[in-house]
Amino acid sequence: MSIAGNFSQLQRQLYLLGYSQQLPEEGVPLVSTLLKDMQASLDRVKELEDANLKLEREERTSRAGSEKYKSELHALRTENNSMRTEVLNYTRELDALRRDARGEAYKTAKAQDDLKLENMRIRAEHAETRRRLDECQKRLEARISEQDPGGRIPQIVTNRQPLAFARNTGAPVSPQPAIVDLVDLSSR
């Protein structure tokens with residue numbers, strides 16, 4: 001291009017950019033270089049503005065996603081806290097049930113021990129009663145033999161059986177009724 005064409009084109013570009021002052025011909029190379037630099041700068045500014053707008057859109061999108069994740073995180077934390085509370089409540093209930101079960105086991109063991117002691121007492125009492133009955137029978141037999149030296153009073157066989165105890169419960173089982181141990185038949 002010629003200098004005159006270049007000059008008129010440069011003058012028009014300056015006019016479009018809002019510069020209405022007259023350009024001297026000797027300043028054309030400088031103004032042309034400055035105009036190219038300014039145009040490159042404006043293009044770069046436009047690119048940066050576009051990039052900035054894109055970043056702002058991405059930031060808004062990420063904020064919206066972040067808010068979504070924050071609300072999901074909050075919901076998950078709330079659910080986690082309620083589950084922890086539920087687990088703690090179940091643990092407390094389980095501990096209470098265990099305490100109750102231990103208490104019941106203790107009571108049952110104590111009741112069994114009491115039953116064993118009572119059973120031992122009844123057996124000892126039975127043994128003592130049996131011993132006294134045997135002594136009484138021996139005394140009666142001795143007295144009968146003193147009173148009836150010839151054996152005129154017959155003796156009836158006794159039907160005494162030892163006191164039996166049930167195997168499952170340990171409680172005494174009622175014996176069958178005994179026939180009278182001694183019968184005085186002399187009066188008949």
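Nothing in this text is a laboratory measurement; each read-out follows from the coordinates by a stated rule. Computed from a predicted structure; not experimentally measured.
In terms of overall dimensions, the C-alpha atoms belonging to the stretch 1-94 reach 101, 18, 17 Å along their principal axes, ordered largest to smallest.
Here the Karplus curve 6.51 cos²θ - 1.76 cosθ + 1.60, taken at θ = phi - 60°, turns the phi angles of the stretch 42-59 into couplings of 5, 4, 5, 4, 4, 4, 5, 5, 4, 5, 5, 4, 4, 5, 5, 4, 4, 5 Hz, with x standing for Gly and Pro. Evaluating 6.51 cos²θ - 1.76 cosθ + 1.60 at θ = phi - 60° for every residue in the stretch 35-40, the Karplus couplings come out as 5, 5, 4, 5, 5, 5 Hz, glycine and proline recorded as x. Within the stretch 58-122, all pairs of alpha-carbon atoms sorted by distance into 10 Å bins from zero give the percentages 18, 18, 16, 13, 11, 9, 7, 5, 2, 0. Extension gain, Thr129 to Ala142: 0.36 nm times the residue separation minus the Cα-Cα distance gives 2.7 nm.
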